[in-house]
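Notes for the one structure printed next.
The values are calculated or read from the model by the stated rules, or taken from the named source; none is laboratory data. In this text the structure is predicted, and so the values were computed from the model without any measurement. As a convention, Cβ positions derive from the backbone with ideal geometry for all residues, glycine included, and neighbour counts pool all protein chains shown. In case anyone asks, the SASA skips ligands and DNA or RNA and just uses the protein heavy atoms, side chains included. Shrake-Rupley method; radii C 1.70, N 1.55, O 1.52, S 1.80 Å.
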Amino acid sequence: YGTILYDLEGRRVLGLLADRDATSVEAWLSAHTGITVIARDRGGTYARAATKALPDAVQVADRWHLMANASAAFLEAVRRSMKPLREALGVGTVDPKLLTSVEHRQLDGAKRRDAENATVLTLAEAGISLREIRRRTGLSRGTVRRIVRGEREDVFQPRRSTLAPYVWIGVE
């Protein structure tokens, strides 16, 4: 990976660095002392370099990262709210006669995951360590952690394409 230094107001490339190293970025910024605002990602490398080279410059998140972070937060909030919303609307019950064979497999998987989630949460509420829960359930450490944090809910959904994050649906 490299680093591109871009003038957002003038809409032009100012420089290209061969790496993402803090010393390279700091050296480049030190040579360009007229910069007063630095738009960057949330990475600590660029923050440290900017702070050292231009301590008086204001550091802000760039538009792309603001939108990406806001979008991810919104989607996570919707994901966490789906189960209660479905229950409140009375659409929590699925009529098995209306499902395709693929949807049957998805429903079976969702039921299995709901049971796993309940087991893990019961053990966690009883004060059992994550390591012991992992040993008892056979689930991975990451999965147990996600369940305890409430990050593995309402997973009855169609499989996403690996291209989904790159699809742009917009109105021109």
Seminar exercise, completed: Scanning the stretch 29-44 residue by residue, those assigned to a loop (DSSP other than H, G, I, E, B) and more than 18 Å from the chain's Cα centre (by Cα) turn out to be ALA31, HIS32, THR33, GLY34, ILE35, THR36
For this session: Just give me the residues in the stretch 45-59 being in contact (Cβ under 8 Å) with a residue 12 or more places away in the chain, in a helix (DSSP H, G or I) and open to solvent by 50 Å² or more (accessible area, probe 1.4 Å), in sequence order.
Result: ARG48, LYS52
Exercise. Of the residues that sit in the stretch 80-109 and are under 28 Å from the mean Cα position of the chain (by Cα) and either closer than 18 Å to ARG145 by Cα or not in a helix (DSSP H, G or I) (or both), which one is modelled with the highest pLDDT?
Worked result: ARG80
Exercise. Restricting attention to the stretch 63-79, does a residue exist that is open to solvent by 80 Å² or more (accessible area, probe 1.4 Å), more than 30 Å from GLU151 (Cα to Cα) and at pLDDT 85 or above?
Worked result: no
Exercise. In the stretch 15-37, which residue that is hydroxyl-bearing (Ser, Thr, Tyr) and touching a helix residue (DSSP H, G or I) at 6+ places or on another chain (Cβ under 9 Å) is surrounded by the most Cβ atoms within 10 Å (Cβ to Cβ)?
Worked result: SER24
Exercise. On the given criteria, is ARG113 surrounded by 13 or more Cβ atoms within 10 Å (Cβ to Cβ) and either in contact (Cβ under 8 Å) with a residue 40 or more places away in the chain or in a helix (DSSP H, G or I) (or both)?
Worked result: yes
Exercise. Do we have ASP154 as at pLDDT below 85 and touching a helix residue (DSSP H, G or I) at 6+ places or on another chain (Cβ under 9 Å) here?
Worked result: yes
